[in-house]
Amino acid sequence: MPAPKHFQPLFDENRNLVGVLLSPELWMKGENRLSPVIDDLLAQLDPASAPLPAPEPMKDWELLAQYWDFQYPMPTDVACENCGSSTGDWKADEPRKFRLKSATLGGLVNFECQDCRARILKRHFKKHVDVECRPFVAK
């Protein structure tokens, strides 16, 4: 059993567990590991309270398309090497299989796989595209 001064279960008058009190010292030591787990569990208990994802930076994508001058058509296909999910046109999918996270005029486009949260980086060069898939890593 954890040290009582750092971890205290809280009960009502009928001895029903109503909560847990963590000391500031215990919270400071475990916050980086506990906070993401608690956020995930809260989202499971009450999905309506889960934060909405940030909007996709479509203006950045449109700006890249506007100045596209490479020797090949602008690719819209995305594939995740981590889980095998793929699409021929990421913008046409409803619901989205991949969300646009960033796009730069330099040709770097970053997607997030909605199945496994891996990052798919597409680096567009004048004559070819390099694609890299990075598995999701919780912080």
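The table below lists the values:
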{"read-out": "Qualifying residue in segment 50-67 (condition: over 30 Å from L121 (Cβ atoms), out of contact with any helix residue (DSSP H, G or I) (no Cβ under 8 Å at 6 or more places or on another chain) and in a loop (DSSP other than H, G, I, E, B))", "value": "no"}
{"read-out": "Cβ-Cβ under 6 Å pairs, at least 6 apart or on other chains, segment 95-108 side part of a loop (DSSP other than H, G, I, E, B), far side surrounded by 14 or more Cβ atoms within 10 Å (Cβ to Cβ) and among the β-branched types (V, I, T)", "value": "K97/T87"}
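Residue by residue, here is whether (1) under 21 Å from P135 (Cα atoms); (2) touching a strand residue (DSSP E or B) at 6+ places or on another chain (Cβ under 6 Å) holds:
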residue	(1), (2)
A65	no, no
S85	yes, yes
A92	no, no
N110	yes, yes
D115	yes, no
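Read-outs: derived from the displayed coordinates by stated rules, not from any lab. These numbers were taken from a predicted model, which means no experiment stands behind them. Neighbour counts are summed over all protein chains in view; Cβ atoms, including those assigned to glycine, are modelled from backbone coordinates with ideal geometry.
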